[in-house]
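The values are calculated or read from the model by the stated rules, or taken from the named source; none is laboratory data. Values in this document were obtained by computation on a predicted structure and should not be read as measured data. Counting neighbours? That spans all protein chains shown, and the Cβs are built from the backbone with ideal geometry, glycine included.
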Amino acid sequence: MSPSSKPIVIKKIEVRLLRLPLITTFTTGFGTINYKETVVVRLEDSDGVVGWGEGAALSFPNYSPETAITTYLGLKEYLLPSIVGKRISGPEGLDNLYSQVKGYHFAKTAIDCAMWMICSIKSQQSLKQLLGGKSESVAIGESIGIKNSIDETLEEISLRLDQGYQRIKIKIKPGWDVELVRKVRAKFSDIPLMVDANSSYSLNDVPIFKKLDKFNLMMIEQPLGDTDIVDHSFLQKEITTPICLDESILSVEDARKAIKIGACKIINIKPGRVGGISESKKIHDFCQDNNIGVWCGGLLETGIGRAFNIALSSLPGFKYPADMSPSSFFYKEDLIDPTYEVDKNGYIAIPTATGLGYNLEMKRINKYTKQKYNTRAY
Ligand SMILES: [Mg+2]
């Protein structure tokens with residue numbers, strides 16, 4: 001069923017580039033930063049109903065070619081002008097309107113989510129209901145980055161397990177893999193444990209994965225190239241641990257191809273990466289039909305983006321804990337208040353209210369806005 005009964009006409013649009021201070025610093029090959037840039041859009045329809053959405057690309061092109069700056073420009077220059085003033089059936093009608101715009105998945109996510117929010121308010125159904133979600137809460141796992149020592153990693157795992165997190169994911173890279181996992185397993189023999197390689201290996205490393213195969217891991221995430229599916233299908237035949245694809249899957253079409261050639265048994269769905277909640281649901285549905293598990297990843301979205309990820313995770317195919325640490329771990333202030341919390345058993349409750357499901361903090365949105373653009377349809 002379409003989430004909206006009558007067409008939506010967007011009359012006003014606003015896009016903002018924000019810079020939020022982080023509690024901890026972030027180091028990549030581009031340097032160290034202590035903030036997170038993100039982009040939010042506000043759409044208002046001809047009935048005065050308002051929807052917000054977020055495109056949380058990173059500040060540098062180290063996860064995807066799109067960055068916060070290009071998300072902002074893509075929205076302002078290409079995407080928002082193609083939807084303003086048009087009669088749109090709902091989120092499902094967006095693809096046709098900007099069929100000329102390749103890529104810009106984070107920018108498209110912001111619009112897609114804002115449309116879902118408008119549909120939620122107009123239909124008086126929560127996002128979860130609109131999406132067809134079932135669960136009342138989503139299980140949360142914690143992701144642990146590359147630390148200075150194995151002991152430091154073990155300490156952080158203990159802390160996160162004490163806090164109730166339902167699975168532990170550790171980042172690996174060449175030289176920081178088998179020994180690390182061996183020591184983690186020696187101390188925590190039966191916890192749900194997985195590793196994420198963020199594309200740092202090649203097929204020459206099959207022997208490493210055969211060793212990792214012995215540690216009863218839930219999955220190995222994105223071991224090979226970030227645009228590859230073919231080599232992953234060779235690796236999957238060599239090991240019994242399920243391969244989970246993240247970076248390689250940008251659409252339901254990518255998912256179909258990867259599954260067809262046996263490149264993975266699990267997919268990490270990050271709505272920002274695939275262009276929104278609508279495409280995420282298509283991937284979920286396709287995976288469910290093909291007996292492939294999915295779970296919801298994240299990219300440091302503020303509470304605005306997270307609200308949609310949380311609602312999406314209520315769908316029945318989301319079988320593994322999500323990467324969704326509380327925003328209090330990394331943001332000094334979230335853009336929703338109160339923000340979502342992970343309870344002591346490692347769950348986030350899925351909101352039942354209509355719209356975003358959380359209260360927007362306009363003062364903070366204004367405070368952290370660095371650039372703003374708005375227009376109106378006449
Ligand atoms: Mg990943």
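A few points about this structure:
- Positions within segment 169-182 being under 20 Å from Pro321 (Cα atoms) and either within 14 Å of the ligand (Cβ to nearest atom) or not in a helix (DSSP H, G or I) (or both), in sequence order: Lys169, Ile170, Lys171, Ile172
- Residue among Ile150, Ile111 that alone is touching a helix residue (DSSP H, G or I) at 6+ places or on another chain (Cβ under 7 Å) and over 18 Å from Glu14 (Cα atoms): Ile150
- Single condition Gln166 does not satisfy, out of (1) away from the ligand (no atom under 16 Å from the Cβ); (2) farther than 26 Å from Pro326 by Cβ; (3) in a loop (DSSP other than H, G, I, E, B): (2)
- Looking across segment 183-219, the residues that are under 30 Å from Ser64 (Cα atoms), away from the ligand (no atom under 16 Å from the Cβ) and not in a helix (DSSP H, G or I) come down to Pro192, Ser202.
- Across segment 1-30, the number of residues qualifying as under 18 Å from Phe330 (Cα atoms) and either exposed (fewer than 13 other Cβ atoms within 10 Å of the Cβ) or modelled with pLDDT of 85 or more (or both) comes to 10.
- Test for Ile267: is it assigned to a strand (DSSP E or B) and within 12 Å of the ligand (Cβ to nearest atom): yes
- Among the residues listed as Ser149, Ser200, the single one being closer than 24 Å to Lys237 by Cβ and either aliphatic (A, V, I, L, M) or surrounded by fewer than 22 Cβ atoms within 10 Å (Cβ to Cβ) (or both): Ser200
- Residue in segment 86-105 that is crowded, with 18+ Cβ neighbours inside 10 Å, closer than 30 Å to Ser200 by Cα and within 22 Å of the chain's Cα centre (by Cα) present: yes
- Within the option set Ser328, Ser314, being at pLDDT below 95 and either part of a helix (DSSP H, G or I) or over 20 Å from Asn198 (Cβ atoms) (or both) holds for one residue only, Ser328.
- Answer residue from segment 226-262, given it is of a type in the set (A, V, I, L, M) and farther than 25 Å from Leu58 by Cβ and is nearest to the ligand (Cβ to nearest atom) among those: Leu235
- Check on Asn148, assigned by TED's automatic domain parsing to the domain that holds Lys169 and either out of contact with any Phe, Trp or Tyr (no Cβ under 8 Å at 6 or more places or on another chain) or under 30 Å from Thr28 (Cβ atoms) (or both): yes
- Single match in Glu54, Glu66 (criterion: closer than 23 Å to Lys372 by Cβ, modelled with pLDDT of 95 or more and part of a strand (DSSP E or B)): Glu54
- Cβ-Cβ distances below 7 Å connect no pair with a first residue in segment 322-342 that is in the same structural domain as Thr25 (by TED's automatic domain parsing), a second residue that is crowded, with 16+ Cβ neighbours inside 10 Å and modelled with pLDDT of 95 or more, and a separation of six or more residues or different chains.
- Per the conditions (1) within 16 Å of the ligand (Cβ to nearest atom); (2) not in a helix (DSSP H, G or I), the sole criterion not satisfied by Ser280 is (2).
Rundown of residues vs (1) outside the structural domain of Asp213 (by TED's automatic domain parsing); (2) out of contact with any Lys or Arg (no Cβ under 6 Å at 6 or more places or on another chain); (3) surrounded by 15 or more Cβ atoms within 10 Å (Cβ to Cβ); (4) aromatic (Phe, Trp, Tyr), yes/no style:
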{"site": "Ser158", "(1), (2), (3), (4)": "no, yes, no, no"}
{"site": "Tyr165", "(1), (2), (3), (4)": "no, yes, yes, yes"}
{"site": "Ile168", "(1), (2), (3), (4)": "no, yes, yes, no"}
{"site": "Lys171", "(1), (2), (3), (4)": "no, yes, yes, no"}
{"site": "Asp177", "(1), (2), (3), (4)": "no, yes, yes, no"}
{"site": "Lys187", "(1), (2), (3), (4)": "no, yes, no, no"}
{"site": "Ile191", "(1), (2), (3), (4)": "no, yes, yes, no"}
{"site": "Val195", "(1), (2), (3), (4)": "no, yes, yes, no"}
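- Which numbered condition Gln222 misses (of (1) under 18 Å from the mean Cα position of the chain (by Cα); (2) away from the ligand (no atom under 15 Å from the Cβ)): (2)
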